[in-house]
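Everything on this sheet refers to the single structure shown next.
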Amino acid sequence: MENKYIQETEQAVLHTYNKAPIVLEWGDGAYVYDTDGKQYLDFAAGIAVSSLGHGCQELNEAVKEQIDKLYHTSNLYYNETCGKAASGLAKAAGMDKVFFCNSGTEAIEGCLKTARKYAYTKGTGRWQFIAMKNSFHGRSMGALSVTGREPYRIPFEPLVPGVSFAEFNNLESVRQLITAETCAVILEPLQGEGGIHAAAPEFLQGLRKLCDEHDILLIFDEIQCGMGRTGSMFLWQQYGVKPDIMAMAKAIGSGLPVGAFAVTGRVASESLTPGDHGTTYGGNPLVCAAVSKTLEIFEKEDLTAHVKEVGAYLTAGLDAVADEFDCVLERRGMGMIQGLALSIAPGEVITKAMKEGLLVISAGNNVLRMVPPLIITREQVDEMLVKLKKALS
């Protein structure tokens, strides 16, 4: 049966993903099941998206209720779910204004445009960006332009001009790239796709000071590391370094396609105005109902506290794995975004783990990445560790 589905997909769908040879059919909590009924413990969560797990009944009911009312109007009209979702998300993010779009990549595009328009409004003539080496911000032409990994960029060059790349966690390298035309610095506080690298607190603090001194905007990409994954709603809140603009997506809709970028009041008042930026589907009633319900569940269940507790348990377990296996070079990450740097090909481990009933993914060139639903329990961490050790053996 699986071969039929796989064959049909290969015939009809453009081959831009190296898909695993399983056909997933349904999910429940931290588990997913294929068309043969095999169970998998999901430590991929749709690439850090399904933070509430699979089949969350509260979320399902909210979406079902909204779909029977209205699920698209365009942004020519108000809808009651958008304002509620925007207010809740702005509060959770510690920002002032929110723009909803459809994906993380679109959120990055909005961040870049906002920074450019801010410079235009201020009359500075600034237009250049400083991004980080080893970063990943998406696959559109604009997002690729600030992505610091050459394999993603080279086939599509020339890209948007005016982007230079600094060394992550090296403040002096950023300082040396600043010019009179620099309008913003963009980075992930914790690099995900690049291999699970967290920013040093002093690096982010230095960036904030540097940006303030030069009237440069600071943009954080919290698409993967945000929304509770590190133990706070957004990672900047742990560092106490507030960005001027921030991109979000993935887990904010718990699986529905929604992204957003948020800005401070200062930036909002001097950047985008009607006609500058738009989206047909962004902020539609259906996804906004999912955003609001997700935020409600996060608060009610105190998921950030859960992530701190179980994330610490996960960290300790992975540290023990790193000590036990010579092929594990180091553990990286925090909370429930974790990586094991390997001396062997991650793909081999991913395949063996899948056979053991565990889904994990890769990051960078040699990192095994684990970004499970935030609802996982200590018992499920133990289950994962048993399966992981078999895959590493």
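The values are calculated or read from the model by the stated rules, or taken from the named source; none is laboratory data. All values derive from a computational prediction rather than experimental measurement. Reconstructed Cβ throughout: ideal geometry from the backbone, glycine too, with neighbour counts over all protein chains shown.
So the values come out like this:
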item	result
Ile67 being assigned by TED's automatic domain parsing to the domain that holds Gln224 and under 24 Å from Val258 (Cα atoms)	yes
Qualifying residue in segment 92-108 (condition: of a type in the set (Asp, Glu), assigned to a loop (DSSP other than H, G, I, E, B), surrounded by 15 or more Cβ atoms within 10 Å (Cβ to Cβ) and not assigned by TED's automatic domain parsing to the domain that holds Ala48)	yes
Residues located in segment 298-322, provided they are of a type in the set (A, V, I, L, M, F, W, C) and under 19 Å from the mean Cα position of the chain (by Cα)	Phe298, Leu303, Val307
When residues of segment 363-393 are limited to those that are farther than 16 Å from Phe325 by Cα and surrounded by fewer than 19 Cβ atoms within 10 Å (Cβ to Cβ), the one modelled with the lowest pLDDT	Asn365
Matching residues, segment 16-45, being surrounded by fewer than 19 Cβ atoms within 10 Å (Cβ to Cβ), in contact (Cβ under 8 Å) with a residue 60 or more places away in the chain, under 11 Å from Met354 (Cβ atoms) and of a type outside the set (A, V, I, L, M, F, W, C)	Lys38
Helices (runs of 4 or more DSSP H) completely within segment 157-269 that count 2 or more residues being without any contact (Cβ under 8 Å) to a residue 24 or more places away in the chain and surrounded by fewer than 24 Cβ atoms within 10 Å (Cβ to Cβ)	171-177, 201-214, 265-269
Options Ala86, Ala48: the member that is under 21 Å from the mean Cα position of the chain (by Cα), over 30 Å from Gly162 (Cα atoms) and surrounded by fewer than 21 Cβ atoms within 10 Å (Cβ to Cβ)	Ala86
Which listed residue, of Gly192, Gly138, is under 27 Å from Gln238 (Cα atoms) and touching a Cys at 6+ places or on another chain (Cβ under 8 Å)	Gly192
Checklist (1) assigned to a helix (DSSP H, G or I); (2) out of contact with any strand residue (DSSP E or B) (no Cβ under 8 Å at 6 or more places or on another chain) applied to Ala86, failing item	(2)
